[in-house]
Amino acid sequence: MSELPPSARVPENLTSGEVGLLRVDHVGIAVPDLDAALRFYADVFGLRCVHEETNEEQGVREAMLEVGDGDGPRLQLLAPARPDSAIAKFLDRSGPGLQQLAYTVADVEAASAALRAHGLRLLYDSPRRGTAGSRINFVHPKDAGGVLVELVEPAAD
Ligand code: MC0
(Lines give C-alpha, C1' and ligand atoms only; values in the text may rest on other atoms or scores of the structure.)
Protein backbone atom coordinates (compact mmCIF):
# COMPACT_ATOMS: atom_id res chain seq x y z
CA MET A 1 0.00 0.00 0.00
CA SER A 2 2.87 2.42 0.76
CA GLU A 3 6.62 2.68 0.29
CA LEU A 4 8.85 2.06 3.30
CA PRO A 5 9.94 5.34 4.94
CA PRO A 6 13.65 6.30 4.72
CA SER A 7 14.09 5.13 8.33
CA ALA A 8 13.05 1.58 7.38
CA ARG A 9 15.63 1.25 4.62
CA VAL A 10 18.71 -0.56 5.83
CA PRO A 11 21.90 1.46 5.46
CA GLU A 12 25.16 -0.38 4.88
CA ASN A 13 27.65 -0.83 7.72
CA LEU A 14 25.18 0.16 10.43
CA THR A 15 24.86 -2.33 13.26
CA SER A 16 24.99 -2.25 17.06
CA GLY A 17 26.53 -5.40 18.47
CA GLU A 18 26.55 -8.87 17.02
CA VAL A 19 22.76 -9.17 16.92
CA GLY A 20 22.68 -6.20 14.57
CA LEU A 21 19.72 -4.22 15.87
CA LEU A 22 19.47 -1.12 13.68
CA ARG A 23 16.60 0.80 15.27
CA VAL A 24 13.17 0.37 16.81
CA ASP A 25 10.97 -0.61 13.88
CA HIS A 26 7.57 -0.44 15.55
CA VAL A 27 5.66 -0.93 18.77
CA GLY A 28 2.71 -3.33 18.52
CA ILE A 29 -0.53 -2.74 20.40
CA ALA A 30 -3.25 -5.38 20.63
CA VAL A 31 -6.75 -4.03 19.99
CA PRO A 32 -10.08 -5.87 19.82
CA ASP A 33 -11.45 -3.81 16.89
CA LEU A 34 -9.06 -2.42 14.26
CA ASP A 35 -11.47 0.08 12.72
CA ALA A 36 -12.45 1.52 16.10
CA ALA A 37 -8.78 1.77 17.10
CA LEU A 38 -7.87 3.51 13.82
CA ARG A 39 -10.60 6.07 14.45
CA PHE A 40 -9.40 6.62 18.01
CA TYR A 41 -5.75 7.11 17.03
CA ALA A 42 -6.69 9.43 14.17
CA ASP A 43 -9.20 11.53 16.07
CA VAL A 44 -7.40 11.76 19.41
CA PHE A 45 -3.69 11.46 18.60
CA GLY A 46 -3.81 12.62 14.99
CA LEU A 47 -1.89 9.59 13.71
CA ARG A 48 -2.11 8.64 10.04
CA CYS A 49 -2.48 5.05 8.86
CA VAL A 50 0.08 4.38 6.11
CA HIS A 51 -0.34 0.64 5.65
CA GLU A 52 -3.02 -1.95 6.37
CA GLU A 53 -3.14 -5.68 5.67
CA THR A 54 -4.37 -9.03 6.91
CA ASN A 55 -1.69 -11.57 7.70
CA GLU A 56 -3.47 -14.92 7.45
CA GLU A 57 -0.59 -16.94 8.85
CA GLN A 58 -0.40 -14.75 11.97
CA GLY A 59 -4.18 -14.46 12.20
CA VAL A 60 -4.09 -10.66 12.45
CA ARG A 61 -5.57 -7.59 10.85
CA GLU A 62 -2.94 -4.94 11.23
CA ALA A 63 -2.34 -1.28 10.53
CA MET A 64 0.84 0.80 10.61
CA LEU A 65 0.60 4.38 11.83
CA GLU A 66 3.20 7.10 11.33
CA VAL A 67 4.17 9.44 14.14
CA GLY A 68 5.26 13.02 13.43
CA ASP A 69 7.35 13.33 10.26
CA GLY A 70 7.24 9.55 9.81
CA ASP A 71 10.99 9.22 10.18
CA GLY A 72 10.89 7.31 13.47
CA PRO A 73 9.36 4.07 14.73
CA ARG A 74 5.78 3.31 13.77
CA LEU A 75 2.82 2.23 15.82
CA GLN A 76 1.31 -1.11 14.78
CA LEU A 77 -2.30 -1.87 15.70
CA LEU A 78 -3.00 -5.61 15.84
CA ALA A 79 -6.51 -7.06 15.89
CA PRO A 80 -7.41 -10.75 15.84
CA ALA A 81 -8.53 -12.17 12.49
CA ARG A 82 -9.53 -15.45 14.12
CA PRO A 83 -10.20 -16.64 17.67
CA ASP A 84 -7.23 -19.04 17.90
CA SER A 85 -4.62 -16.39 16.99
CA ALA A 86 -1.80 -15.11 19.18
CA ILE A 87 -3.48 -11.70 19.40
CA ALA A 88 -6.84 -13.19 20.42
CA LYS A 89 -5.09 -15.19 23.15
CA PHE A 90 -3.20 -12.08 24.30
CA LEU A 91 -6.43 -10.05 24.47
CA ASP A 92 -8.18 -12.81 26.42
CA ARG A 93 -5.37 -13.03 28.94
CA SER A 94 -4.12 -9.44 29.24
CA GLY A 95 -6.67 -7.19 27.55
CA PRO A 96 -5.77 -4.47 25.04
CA GLY A 97 -2.30 -2.95 25.31
CA LEU A 98 1.37 -3.21 24.40
CA GLN A 99 1.99 -6.63 22.88
CA GLN A 100 5.42 -6.40 21.23
CA LEU A 101 8.56 -4.34 20.60
CA ALA A 102 10.03 -4.76 17.12
CA TYR A 103 13.58 -3.97 15.94
CA THR A 104 14.78 -3.57 12.37
CA VAL A 105 17.63 -5.89 11.42
CA ALA A 106 19.49 -6.28 8.15
CA ASP A 107 19.56 -10.09 8.36
CA VAL A 108 16.89 -11.81 10.46
CA GLU A 109 18.57 -15.22 10.24
CA ALA A 110 21.90 -13.83 11.48
CA ALA A 111 20.19 -11.90 14.29
CA SER A 112 18.22 -15.00 15.31
CA ALA A 113 21.37 -17.13 15.32
CA ALA A 114 23.18 -14.58 17.51
CA LEU A 115 20.31 -14.52 19.99
CA ARG A 116 20.12 -18.33 20.05
CA ALA A 117 23.84 -18.33 20.85
CA HIS A 118 22.95 -16.27 23.94
CA GLY A 119 20.51 -19.03 24.93
CA LEU A 120 17.30 -17.23 23.94
CA ARG A 121 14.41 -19.12 22.37
CA LEU A 122 13.34 -17.92 18.93
CA LEU A 123 9.72 -18.81 18.17
CA TYR A 124 10.34 -19.99 14.60
CA ASP A 125 13.07 -22.23 13.18
CA SER A 126 13.15 -20.04 10.10
CA PRO A 127 11.74 -16.56 9.37
CA ARG A 128 8.09 -16.03 8.47
CA ARG A 129 6.31 -13.37 6.48
CA GLY A 130 5.60 -10.09 8.26
CA THR A 131 4.26 -6.67 7.35
CA ALA A 132 4.75 -5.55 3.75
CA GLY A 133 6.76 -8.60 2.74
CA SER A 134 9.25 -8.32 5.61
CA ARG A 135 10.85 -11.44 7.12
CA ILE A 136 10.26 -11.81 10.86
CA ASN A 137 11.00 -13.88 13.92
CA PHE A 138 10.27 -13.42 17.63
CA VAL A 139 12.12 -13.96 20.91
CA HIS A 140 9.94 -15.64 23.54
CA PRO A 141 8.90 -12.99 26.08
CA LYS A 142 10.03 -15.19 28.98
CA ASP A 143 13.61 -14.99 27.61
CA ALA A 144 13.56 -11.21 27.12
CA GLY A 145 12.45 -9.75 30.43
CA GLY A 146 8.74 -10.18 29.77
CA VAL A 147 8.84 -8.41 26.39
CA LEU A 148 7.82 -10.11 23.14
CA VAL A 149 10.70 -8.98 20.87
CA GLU A 150 10.19 -9.08 17.12
CA LEU A 151 13.02 -8.97 14.58
CA VAL A 152 12.07 -7.39 11.26
CA GLU A 153 14.12 -7.65 8.07
CA PRO A 154 12.35 -5.24 5.68
CA ALA A 155 11.55 -6.34 2.16
CA ALA A 156 14.41 -5.57 -0.23
CA ASP A 157 12.64 -2.80 -2.11
C1 MC0 B 1 2.43 -14.17 26.25
N2 MC0 B 1 3.17 -13.75 27.29
C3 MC0 B 1 3.63 -12.52 27.05
C4 MC0 B 1 3.13 -12.19 25.77
N5 MC0 B 1 2.39 -13.22 25.30
N6 MC0 B 1 4.41 -11.70 27.76
C7 MC0 B 1 4.70 -10.50 27.21
N8 MC0 B 1 4.25 -10.10 25.98
C9 MC0 B 1 3.47 -10.91 25.25
N10 MC0 B 1 3.04 -10.52 24.07
C11 MC0 B 1 3.42 -14.49 28.51
C12 MC0 B 1 2.15 -14.94 29.17
O13 MC0 B 1 1.62 -13.94 30.01
C14 MC0 B 1 2.59 -16.14 29.94
O15 MC0 B 1 3.23 -15.75 31.13
C16 MC0 B 1 3.62 -16.76 29.02
O17 MC0 B 1 4.10 -15.71 28.17
C18 MC0 B 1 2.97 -17.86 28.18
O19 MC0 B 1 3.87 -18.40 27.36
P20 MC0 B 1 3.45 -19.62 26.34
O21 MC0 B 1 2.44 -20.49 27.01
O22 MC0 B 1 4.71 -20.20 25.82
O23 MC0 B 1 2.80 -18.90 25.15
P24 MC0 B 1 1.40 -18.33 24.70
O25 MC0 B 1 0.52 -19.43 24.16
O26 MC0 B 1 0.81 -17.40 25.66
O27 MC0 B 1 1.88 -17.46 23.46
C28 MC0 B 1 2.79 -16.45 23.64
C29 MC0 B 1 3.64 -16.35 22.37
C30 MC0 B 1 2.65 -16.13 21.19
C31 MC0 B 1 4.60 -15.18 22.52
C32 MC0 B 1 4.44 -17.63 22.15
O33 MC0 B 1 1.90 -14.94 21.42
C34 MC0 B 1 3.31 -16.03 19.86
O35 MC0 B 1 3.58 -17.04 19.18
N36 MC0 B 1 3.64 -14.78 19.43
C37 MC0 B 1 4.35 -14.55 18.15
C38 MC0 B 1 3.41 -14.27 17.05
C39 MC0 B 1 2.58 -13.03 17.27
O40 MC0 B 1 2.58 -12.41 18.36
N41 MC0 B 1 1.79 -12.71 16.26
C42 MC0 B 1 0.91 -11.50 16.28
C43 MC0 B 1 1.61 -10.36 15.74
P44 MC0 B 1 2.92 -16.48 32.52
O45 MC0 B 1 3.78 -15.74 33.52
O46 MC0 B 1 1.45 -16.33 32.73
O47 MC0 B 1 3.36 -17.91 32.29
S48 MC0 B 1 1.95 -10.55 14.02
C49 MC0 B 1 3.11 -9.39 13.66
O50 MC0 B 1 3.60 -8.74 14.54
C51 MC0 B 1 3.48 -9.25 12.18
C52 MC0 B 1 2.27 -9.02 11.34
C53 MC0 B 1 4.48 -8.15 11.92
O54 MC0 B 1 4.74 -7.27 12.77
O55 MC0 B 1 5.01 -8.13 10.79
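The values are calculated or read from the model by the stated rules, or taken from the named source; none is laboratory data. Computed from a predicted model, the values in this text were never measured in an experiment. Cβ placement follows ideal geometry from the backbone for every residue including glycine, while neighbour counts extend to all protein chains displayed. To get the accessible areas, we keep the full protein, side chains included, count just its heavy atoms, and leave off ligands, DNA and RNA. Shrake-Rupley method; radii C 1.70, N 1.55, O 1.52, S 1.80 Å.
Can you compute the FRET efficiency between H140 and V44 using 1/(1 + (r/R0)^6), with r the Cβ-Cβ distance and R0 = 25 Å? Round to the nearest 0.05.
Result of the calculation: an efficiency of 0.15.
Given a 1.4 Å probe and the protein chains as shown, D125 ends up with an accessible area of around 150 Å². Given a Förster distance of 22 Å, report the FRET efficiency between D157 and E109 from their Cβ-Cβ distance, rounded to the nearest 0.05. FRET efficiency, D157 to E109: 0.70. Simple point charges give the picture: +1 on the Cβ of Lys and Arg, -1 on the Cβ of Asp and Glu, and for the chain a dipole about the Cα centre of about 460 debye. Taking the protein heavy atoms of region 45-157 in the context of the full set of protein chains, the accessible area attributed to carbon and sulfur is 51 percent at 1.4 Å. Across the chain, the relative contact order, built from alpha-carbon pairs under 8 Å that are at least six residues apart, equals 24 percent. Amide H contacts for V60 (H built 1.01 Å from N in the peptide plane; partners 5 or more residues away or on another chain; cut-off under 5 Å): N55, A81.
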